[in-house]
Amino acid sequence: MALLEVRDLSVVFRRKGEEPTIAVDGISFDVEPGQTVGLVGESGCGKSVTSLAIMGLLPSRGVDVSGSVSFEGTELLHLSQRRLDERRGRDLGMVFQDPLSSLNPVVPIGVQIAEVLQRHRELSRKQARSEAAELLNRVGIPDPARRLDEYPHQLSGGMRQRALIAIALACRPRLLIADEPTTALDVTIQAQILNLLTELVADTDTALIMITHDLGVVAGLCDEVNVMYGGRIVERAERHALFTAPRHPYTNGLLESIPRLDAPRGERLVPIRGSVVDNIPWADGCAFAPRCPNAIEPCWSVTPALVADDGRMLRCHNPVEVPVTAGEGVR
Amino acid sequence: MLRYTIRRVLQLALVVLVLSVLLFAWLRALPGGPVSALLGDRGTAESRAQLREALGLDDPIFVQYFAFLGRALTGDFGTSTGVSPGKPAMELFLERFPATIELSIAAIVIALIGAIPLGYLAARRRGGWFDNASVVGSMIGISIPIFFLAFLLKYLLAIKLGWLPTGGRQSAGLDATRVTGFFVLDGLLTREWDASLDALRHLLLPALALSSIPFAVIFRITRASVLDVMDEDYVRTARSKGLAKRIVRDRHILRNAMLPVVTTVGLQTGALLSGAVLTETVFSWQGVGQALAVGFERKDFPVLQVVIIAAAMAYVLVNLIVDLSYAAIDPRIRTAGKVG
Amino acid sequence: MTSSRAAKIDRLAATAAHKPTAEGEPQAGGNGPKSDAGVSLAASAWRRLRRNPMFLSGAVIIGLFLLLALLAPFIAPHDPGLRLLQDQVVQARNQLPPPQPGHPMGGDQYGRDFFSRMLLGSQQTLMVAVLATVIGLGGGLVLGTLAGAFGGWVDTVVMRIVDVLLSIPSLLLAVSIGAMFAQQSQFTVIIAVAIVQIPIFARLLRGTMLGVRESDHVLAARALGVKRRAIVFRHILPNSLGPVIVQSTLVLAIAILDAAALSFLGLGAADDSTPEWGQMLGNAQDFFDSQPHLAFWPAACIIAVALGFTLVGESMREALDPRQRR
């Protein structure tokens, strides 16, 4: 049995006097123990909402969550607040995008780490504090004993993200969700944080869901990748297969719009034309059709299904042909 | 932090200086000029000439101003002409000041105790009937003329039902020892419990009336602030840790949401002092506010002068204290100098 | 040449240092909209307002009272100054004319028809509020524009005075201004209430103007070499008006309450032949035991009008505040 089974998860935002917005539209995926799974897509594709739905962090009012999220056999979506709080922070951890706003500005770092230990591991305040220092040390923050009493604004961006990671991993959760953990950081820090995450996850055999818009992050990290578009998964493949032979035109477009060092001088980048606002509803065909270079007649009328295709899952009427020279110039 | 304190104290000095200029100009603008303003109707030709001499009204205006400033700095604002004729205005003020402070503190305490929990609850139930009702209630609260509210409370609870005294600070015939001028505190200090209780009974209604505006304002600020904070990422982080509800509320929501409330309390000083004029008048509370109301009616300008300058200074001082304590609460300001 | 440049830089630096709302803004201050997108902001604010029950009920209340004030002379059954029921007043026993046919609210202590006085009182009360607000706004507009547009020492001097005036509790300031008039009248009340509002408007306007001044489109206009006067009047001022309009609405409510409080303290017309609610409320308290309705009606009307303006003002503020969008 998989560690996490997401089945038919849908999230609909309802606002008074407005059309309901379908943010996540029936997605399913599994995460095996220790596995790293990527959730990739542009902003607005529903990847962050998916993670918040798994963690039960969406507001209860104005949001409909349906489907099933089963963690070690427990259905998370129907769990009472109390039962859910027993598992969050202990079995499930989450690292957020903006480390500054995700840390409480008026509470010392040490307390913010220790409180999760006190809650789930029933440590005394003193034990929790020394354990917190140990954790800070493990995430590579120098002079941890002093840092415990500092406030988030006194740390650098990279250190704040390290502290957030320390919080998320404090109780050695079985699953860690990282929502764009490097987006708000400097490029040089990004690699450090990714390395740290990879290391810690491998050390503790924690499964990781990596949510990102950056295929570079995925390439370095993930075992399996789900590409999302318009609230649905459009392609799922093992990392190597996805990068060498993207089949969905959207995945292909994402890869082609990345600048490559080995490209000949003067070669132009190929951006994906249009933007998310051009989407058509899935019910009318393929949401990506208006932006798709491969769009054919059925794309505008028949909703494509997610079907198995040569070891991967694909939702496309007219996929990109497998290039003959696949494998060359892999990033 | 030290530099911040020094800067704020210098600002305070500047405010007092500008205020003295305004006050000096004001005295000159009063009908009949400063002499009749300060002496009132009782001035004889002789005393007028004397005062004219003393004020140096024939000197150049700058000399007059510095003379005025010198007198003000020594606490000499003239002699009361209407409220308590013959008594130095400063002395009168000092006598009555504790009464107003006692009343204001009681009012702000009532407001804080009531409004913060209400504001939190309303925010948690945003858009629900409790939220809507309390928001509309707070708007009605600030729309009631405070003197009418005071009158209504007095009429219903004191005159009709007789539960509480109708006015004054203590019952006639009660022989209480005075230490600080704060009657409730005095009773506690001297262990005259009955005096404390009596003072408390007198205090309740005026404090309730006076608390209406701060109550409404603090409620709304708390509600808005809690709403803001609840949407913050760090509250989401706290929830992702599975923390107990109480800790999320106290440590993560309220501790942040209280910051704007602290500032508001300082800014309410002005409203409290304005309200005190009306409340004290309705309840014959022998405080500074009532002195101002009576002083205005009887054209007692020396008293008005002291009350105005003291009120402005109290306002600035309270806000200075509030800002400094704010800095102590908010680590982002407290440690601002230490970031490397 | 160089000195004017230096002055320009100093000015820029000064505004950066006093970014608006650095310290406790008086009331509406702080979260005025950063009206970079003035038009669309106003349009979307209006769309939200039209559906807001708070705004609508406030507007209905104000509309009703305005209508009442306009029609009062035509629907008032009697002359409010005539002592029609004087024979029913018994001073010694505190006895006043009770409600009776032709006089639905009875008479006041001089035997004048209370219903007619209530109707005509709406005119006086609303006029005091509107005039006080307009004068306060005008004064604040001049001071705030001076300070906000020129910065430098003008700004410093104006804002120091404004800060000191703000530190005097409003009622005390109003009373001390009232004291400067030898003859008390309704005009005294208007001036006193208006002057109290001037520093609030000035500070608010300056704060928003500084914010707008640093906004991208003004910087762009400046970079293009547009003249200072043109920048102030065409770019900065129009974009700073949102919070001022909101504040004016709230001040209308405050003015009504302050005017009532001042009448209660004895500031205002000694002659009460022209009815005014605040004064009527103050007088009626002496007869509350026997004729509570005499206090009830003016109090209810004052509360209703003040509430109407507050509802409209607060919902406008909420609609203009980008953070409040849900």
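Coordinate-derived values only; no laboratory data. On a predicted model such as this, the values are computed, not experimentally measured, just so you know. Using ideal geometry, Cβ is built from the backbone for each residue, glycine included, and neighbour counts are taken over all protein chains shown.
Pairs of Cα atoms in the protein assembly as shown fall into 20 Å distance bins, from 0 up to the last occupied one, in shares of 11, 34, 32, 17, 6, 0 percent.
Using θ = phi - 60° in the Karplus curve 6.51 cos²θ - 1.76 cosθ + 1.60, the 3J(HN,Hα) couplings for segment B:229-240 round to 5, 4, 8, 6, 4, 5, 6, 4, 4, 4, 5, 5 Hz; x is entered for Gly and Pro.
Dividing the Cα radius of gyration of segment A:101-170 by its Kirkwood radius returns 0.92 for Rg/Rh. For the residues of B:290-298, the average number of beta carbons from a partner chain within 10 Å of their own beta carbon is 3. Residues considered: A:56, A:93, A:46. Largest GNM mean-square fluctuation over chain A, using C-alpha springs under 10 Å, is found at A:56. The long axis of helix B:45-55 is offset from the longest Cα principal axis of chain B by roughly 60 degrees.
The modelled label-to-label distance for the pair residue B:9/residue A:82, using points 7 Å beyond Cα in the direction of Cβ, is 5.5 nm. Among B:288, B:184, B:63, the residue with the largest mean-square fluctuation in a Gaussian network model of chain B, with springs joining Cα atoms closer than 10 Å, is B:63.
If a spin label sat at a point 7 angstrom from the Cα of residue B:91 along the line to its beta carbon, the backbone N atoms of segment B:67-85 nearer than 17 Å would be those of B:74-85. Per the Kirkwood formula applied to alpha carbons, segment A:56-102 shows a radius of gyration over Rh ratio, Rg over Rh, of 0.99. DSSP loop trypsin sites (Lys or Arg not before Pro) in segment C:171-254 with at most 11 other Cβ atoms within 10 Å of their Cβ, which ones? Filter output for segment C:171-254: C:227. Using a Förster distance of 30 Å, how high is the FRET efficiency between residue A:303 and residue A:75, based on the Cβ-Cβ distance and rounded to 0.05? The value I calculate is 0.60. Taking Cα atoms only, the orientation of helix B:301-329 departs from the longest principal axis of chain B by about 30 degrees.
Compactness of segment B:65-160 was expressed as the Cα radius of gyration divided by 2.2 N^0.38 Å, which yields 1.71.
Using Cβ point charges alone (K and R +1, D and E -1), the dipole size of segment A:101-170 about the Cα centre works out to roughly 60 debye. The distance from the alpha carbon centre of segment C:102-127 to that of segment A:260-313 is 76 Å, rounded to a whole number. Charge dipole of segment B:1-128 (Cα centre as origin; +1 on each Lys and Arg Cβ, -1 on each Asp and Glu Cβ, all else neutral): 960 debye, rounded to the nearest 20. Here the Gaussian network model covers chain B, with springs between Cα atoms less than 10 Å apart; of B:119, B:141, B:128, B:128 fluctuates the most.
The order of the peptides A:174-180, B:110-116 by mean Cβ neighbours within 10 Å, most packed first, is A:174-180, B:110-116. Across the options B:181, B:254, B:196, the greatest Cα extent toward the positive end of the charge dipole of segment B:94-285 (unit charges at beta carbon of Lys, Arg, Asp, Glu) belongs to B:254. Around the amide H of residue A:67, modelled in the peptide plane, lie the amide H atoms of A:10, all under 5 Å away and 5 or more residues distant in sequence or on another chain.
Contact order for chain B, expressed relative to its length and based on alpha carbon pairs under 8 Å spaced 6+ residues apart, stands at 26 percent.
Rounded to the nearest 10 degrees, the inclination of helix A:157-169 to the longest alpha-carbon principal axis of chain A is 80 degrees.
Can you give me the relative contact order of segment B:94-285 as a percent, contacts being Cα pairs under 8 Å and 6 or more apart? It rounds to 34 percent for segment B:94-285. Segment B:211-244 to segment C:152-220: how many Å between their Cα centroids? Between the Cα centre of segment B:211-244 and that of segment C:152-220, the gap is 32 Å. Here's how it looks for residue C:107: its modeled amide H is under 5 Å from those of C:114, which are all 5 or more places away or on a different chain.
Only the Cβ atoms of Lys and Arg (+1) and of Asp and Glu (-1) were treated as charged; on that basis the dipole of the protein assembly as shown about its Cα centre amounts to roughly 820 debye. Per residue of C:159-166, other chain Cβ atoms within 10 Å of the residue Cβ number 5 on average. With R₀ set to 30 Å, the beta-carbon distance separating residue C:290 from residue B:200 gives a calculated FRET efficiency near 0.40. Computed over segment B:264-340, the P(r) tail beyond 13 angstrom holds 71 percent of alpha carbon pairs. So how far, in whole Å, is the C-alpha centre of segment A:208-237 from the one of segment A:19-52? Measuring centre to centre over Cα atoms gives 9 Å.
Between residue B:126 and residue A:203, take the C-beta separation as r, use R0 = 51 Å, and let me know the FRET efficiency to the nearest 0.05. Efficiency, rounded to the nearest 0.05: 0.75. For segment C:103-196, a Kirkwood radius taken over Cα pairs fed into Stokes-Einstein (20 °C, viscosity 1.002 mPa s) yields D = 136 µm²/s.
When only Cα pairs below 8 angstrom with a gap of at least 6 residues are kept, chain A shows a relative contact order of 19 percent.
Shielding value for C:302-311 is 4, the average number of Cβ atoms from other chains within 10 Å of each residue's Cβ.
With N as its number of residues, segment B:94-285 has a Cα radius of gyration that, divided by 2.2 N^0.38 Å, comes to 1.20. Projected onto planes of every orientation and averaged, the convex hull of the alpha-carbon atoms in chain B covers 23.2 nm².
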